[in-house]
Amino acid sequence: MSEPIPVTRTVDHGIAKLMPDVDRERAWLLTVDGAPQSYVDLDAPTHLEFEYARRLGHVLDTVTAPGRPLDVLHLGGGALTLPRYVAATRPGSRQEVVEADRGLLDLVMEHLPLPADSGIALHSADARAWLEAAPPDSVDMVIADVFGGSRVPAHLTTVAYARAAERVLRVDGVYLANLADAAPFTFLRSQLATFAETFEELALIAEPSVLRGRRFGNAVLIAAHRALDVAPLARRTAADAFPARVEHGAALRDFMGDAEPVHDENAVPSPEPPDGAFTIG
């Protein structure tokens with residue numbers, strides 16, 4: 001059998017590369033303009049390589065009874081790591097993936113096809129436009145992992161966007177987002193204030209060194225109307241190969257401080273990562 005070879009293609013929003021992992025037979029790393037976007041092992045869809053993906057997986061595993069099918073809307077597709085994970089861990093789930101880059105979707109489907117009957121439907125569209133047109137009360141979870149390059153687009157950071165996400169969620173639904181920032185956390189704190197305008201419960205997962213302001217890094221935002229049982233999640237994230245902390249309640253309100261919600265008229269993208277923050281060797 002021939003060795004897999006890297007694939008490079010110009011897609012709608014940059015230059016995408018699929019690179020085989022020499023240590024795992026059918027595993028691939030997707031980058032766009034040099035920034036790592038996704039890691040997929042076609043033989044082991046429950047393997048989550050990236051730290052932030054593992055944390056999203058921990059939320060998926062603890063938010064409802066294990067194995068229960070979910071209706072999930074993914075904003076941002078990449079190589080479809082999380083949709084594959086949900087399909088494997090919660091058979092029978094119905095999933096919609098909204099990815100603005102049609103060329104990227106075509107590349108992924110050509111080289112990393114989904115299993116038959118995965119229950120995953122793909123759509124090329126803007127994430128907010130899709131939310132605003134989607135049926136209300138139609139999904140159990142919204143997972144937002146949308147980056148234009150290495151930055152969250154401005155129109156996906158506002159109160160109007162949060163309300164659009166809240167509208168499509170069922171009453172016990174959960175919103176998750178992969179965000180990135182560094183001290184003094186102007187962006188991250190503003191996002192907490194923004195989602196606090198719409199959702200009653202918030203939690204945040206991040207590596208302690210990121211929360212202490214020692215480096216730029218990812219943080220997973222969780223928002224819901226129902227009370228969040230963060231104890232199982234905190235145990236899972238603390239015991240992970242990449243330990244993280246769950247902030248919730250008073251500690252999270254202290255972290256948010258006096259941050260103001262973001263509105264469409266003053267929205268800006270998330271901060272540019274420093275050189276080397278998300279690159280690969």
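Provide the per residue accessible area, probe 1.4 Å, for the chain, rounded to a whole number of square angstrom.
45 Å²
When the solvent-accessible area of the chain is split by element, carbon and sulfur atoms take up 52 percent of it, the probe being 1.4 Å. Count Lys and Arg as plus one, Asp and Glu as minus one, and take only other residues whose Cβ is under 15 Å from that of Gly249; the net charge is then -2. Selection among Val168, Val142, Leu179 by position relative to the dipole of region 136-179 gives Leu179 as farthest towards the positive end (Cβ unit charges, Cα centre).
Where in region 197-281 are there chymotrypsin sites (Phe, Trp or Tyr not before Pro) that are in a DSSP coil and have at most 16 other Cβ atoms within 10 angstrom of their Cβ?
none
Only beta bridges with both residues in region 105-245 are counted; by DSSP, about 75 percent of them are antiparallel. If both residues of a DSSP beta bridge must be in the chain, then about 65% of such bridges are antiparallel.
Near Val97: Cβ cut-off under 11 Å, other residues only, Lys/Arg at +1 and Asp/Glu at -1. The net charge is -2. What does the C-alpha gyration tensor say about the overall shape of region 150-281? Classify as rounded when a/c is under 1.5, otherwise prolate if a/b is larger than b/c, or oblate. Here region 150-281 falls in the oblate category. Exposure check, 1.4 Å probe, all protein chains in place: Glu96 carries approximately 70 Å² of accessible surface. Per-residue extension of 0.36 nm, minus the Cα-Cα distance of Ala133 and Asp106, leaves a gain of 7.4 nm for this segment.
The values are calculated or read from the model by the stated rules, or taken from the named source; none is laboratory data. A quick note: this is a predicted structure, and the numbers were derived from the prediction, not measured. Ideal geometry is used to build each Cβ from the backbone, glycine not excepted, and the neighbour counts take in all protein chains shown. We work out accessible area using only protein heavy atoms, side chains counted, and drop any ligands, DNA or RNA first. Shrake-Rupley method; radii C 1.70, N 1.55, O 1.52, S 1.80 Å.
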